[in-house]
Amino acid sequence: MSYFNYHSNVKKKINQSTTVQMILVNSYNNISPCLVIATDSGNYPIREHRWQEYFELASKINIKIKDNRNNE
């Protein structure tokens with residue numbers, strides 16, 4: 001059995017992508033609320049307890065996080 005580090009891979013995809021968006025939504029793939037990381041290679045849902053590390057990453061690389069929770 002191999003170990004798959006989801007968050008490490010998502011952060012790697014963020015660094016390798018030319019287009020990255022981070023969007024807060026009410027629900028995505030049965031995760032509610034959810035931070036969706038949209039990159040060149042796909043969308044990656046993040047549960048609320050991990051948001052802070054992605055907020056810090058977004059701040060470091062100047063990505064504005066969109067909050068669509070009230071627009072749904």
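The values are calculated or read from the model by the stated rules, or taken from the named source; none is laboratory data. Keep in mind it's a predicted model, so treat the numbers as computed, not measured. In this analysis, Cβ positions are derived from the backbone assuming ideal geometry, glycine residues included, and neighbour counts consider all displayed protein chains. When the accessible area is computed, the model is the full protein with side chains, heavy atoms only, and any ligands, DNA or RNA have been set aside. Shrake-Rupley method; radii C 1.70, N 1.55, O 1.52, S 1.80 Å.
Among the residues of the range 27-43, those identified as assigned to a strand (DSSP E or B), more than 8 Å from the chain's Cα centre (by Cα) and farther than 14 Å from residue 9 by Cα are 28, 31, 34. Considering (1) free of Cβ contacts under 8 Å to residues at least 40 places away in the same chain; (2) surrounded by 11 or more Cβ atoms within 10 Å (Cβ to Cβ), the lone condition that residue 66 does not fulfil carries the number (1). Checking the stated criteria, residue 46 turns out to be in a strand (DSSP E or B) and touching a Cys at 6+ places or on another chain (Cβ under 9 Å). Summed over the range 39-62, the residues that are farther than 16 Å from residue 6 by Cβ and open to solvent by less than 20 Å² (accessible area, probe 1.4 Å) give a count of 1.
Residues that are part of a loop (DSSP other than H, G, I, E, B) and touching a residue at least 12 places away in the same chain (Cβ under 8 Å) within the range 1-26 comprise 17, 18, 19, 20, 26, listed in sequence order. Exactly one condition in (1) free of Cβ contacts under 8 Å to residues at least 12 places away in the same chain; (2) surrounded by fewer than 10 Cβ atoms within 10 Å (Cβ to Cβ) is false for residue 32; which is it? Against the list (1) free of Cβ contacts under 8 Å to residues at least 12 places away in the same chain; (2) surrounded by fewer than 10 Cβ atoms within 10 Å (Cβ to Cβ), residue 32 comes up short only on (2).
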